[in-house]
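The values are calculated or read from the model by the stated rules, or taken from the named source; none is laboratory data. Everything numeric here is computed off the predicted structure, so don't read it as measured data. Cβ placement follows ideal geometry from the backbone for every residue including glycine, while neighbour counts extend to all protein chains displayed.
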Amino acid sequence: MGFTKAVLGLSGGIDSALVLALACEALGPKNVHAVLMPSEFSSDHSVSDSLKMVQNVGCTHEVIPIAPMYDSFLGALQSSFNGLPFNIAEENIQARTRGLTLMALSNKLGYILLNTSNKSELAVGYGTLYGDMCGGLSVIGDLYKMDVFELSRFLNRDEEIIPNDIINKPPSAELRPGQFDSDSLPPYEVLDAILHRYIEQKNGPDQIINDGFDEALVYRILKW
């Protein structure tokens, strides 16, 4: 693709941590730039885990808090939102603010933006269009979430590259207080098993249900 340097958003989660580790291995740490973009909903450990990850791989990094940009968007939209309660709109504004920031850096610096979405999220639409789905190369886009965990542990086989706290903590988009992936999705072990049967093995819902999976859950995931 003609790029020699890469940029990515580092959230403190396992997906972006794995992408960062792979990018540093492929391009060399000096050619990879990680951007931390905390919001008011980011936990302290997400920032500290990200900083530890950066230290482990030795890449460059910067911290760009998105609160001022996010608040500016909310202010501009205040009359349009007309006092409606906080919902997915405000959540997605955060993700899109991060996407805009990363694309600006990509354009200005000439670095390719690496996408950090996994196959499980992409398959069920658990992401923000023009937000965390931005990127010119989807590094782990063909890895299910459980594959992400397995590969991360494999990379740590000789030394801790990805902090164990990142691998072990419950996955969260951190777009609202106390949010976890499990609020919207079934356990990844179950989700991946259903998706693998449907996508890779070309099984229909009836066959997947006959394998012992809950009928309502199968139809919800596959949207049949």
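Among the hydrophobic types (A, V, I, L, M, F, W, C), in contact with a helix residue (DSSP H, G or I) (Cβ under 8 Å, 6 or more places away or on another chain) and not in a helix (DSSP H, G or I): which single residue out of I93, I140 fits that description?
The conditions single out I140.
The residues of the stretch 14-54 that are over 21 Å from G141 (Cβ atoms), in a helix (DSSP H, G or I), over 17 Å from the mean Cα position of the chain (by Cα) and among the acidic types (D, E) amount to a single one, D44. Considering E160, E189, the condition of being touching a helix residue (DSSP H, G or I) at 6+ places or on another chain (Cβ under 9 Å), part of a loop (DSSP other than H, G, I, E, B) and surrounded by fewer than 15 Cβ atoms within 10 Å (Cβ to Cβ) is satisfied by E160 alone. Is there a residue being over 15 Å from I14 (Cβ atoms) and over 20 Å from the mean Cα position of the chain (by Cα) anywhere in the stretch 159-175? Yes, there is a match, as at least one residue in the stretch 159-175 is over 15 Å from I14 (Cβ atoms) and over 20 Å from the mean Cα position of the chain (by Cα).
When you check M133 against the structure, is it among the aliphatic types (A, V, I, L, M), in contact with a helix residue (DSSP H, G or I) (Cβ under 9 Å, 6 or more places away or on another chain) and part of a helix (DSSP H, G or I), yes or no?
Here the answer is no, as M133 does not meet what is asked.
Using the structure shown, decide if S11 is touching a residue at least 60 places away in the same chain (Cβ under 8 Å), in the same structural domain as E91 (by TED's automatic domain parsing) and within 22 Å of N92 (Cβ to Cβ). Yes; evaluated as a whole, the condition is true for this residue.
Determine the pairs where a residue that is without any contact (Cβ under 8 Å) to a residue 40 or more places away in the chain, located within the stretch 148-171, has a partner that is surrounded by fewer than 17 Cβ atoms within 10 Å (Cβ to Cβ) and aromatic (F, W, Y) with Cβ atoms under 8 Å apart, the partner being 6 or more residues away or on another chain. As it stands, the answer is P170/F180, since those pairs meet every condition given.
Just checking, does the stretch 60-83 include any residue being closer than 22 Å to V148 by Cβ, touching a helix residue (DSSP H, G or I) at 6+ places or on another chain (Cβ under 7 Å), surrounded by fewer than 17 Cβ atoms within 10 Å (Cβ to Cβ) and assigned by TED's automatic domain parsing to the domain that holds S117? No, that holds for no residue. Residues of the stretch 55-75 that are in a helix (DSSP H, G or I) and touching a Pro at 6+ places or on another chain (Cβ under 6 Å): V57 alone. For K30, are the conditions met, namely being of a type in the set (K, R) and farther than 16 Å from L113 by Cα? Answer is no for this residue. When the stretch 172-181 is filtered for residues that are touching a residue at least 24 places away in the same chain (Cβ under 8 Å) and either at negative phi or surrounded by fewer than 19 Cβ atoms within 10 Å (Cβ to Cβ) (or both), the ones remaining, listed by number, are S172, A173, L175, R176, P177, Q179, D181.
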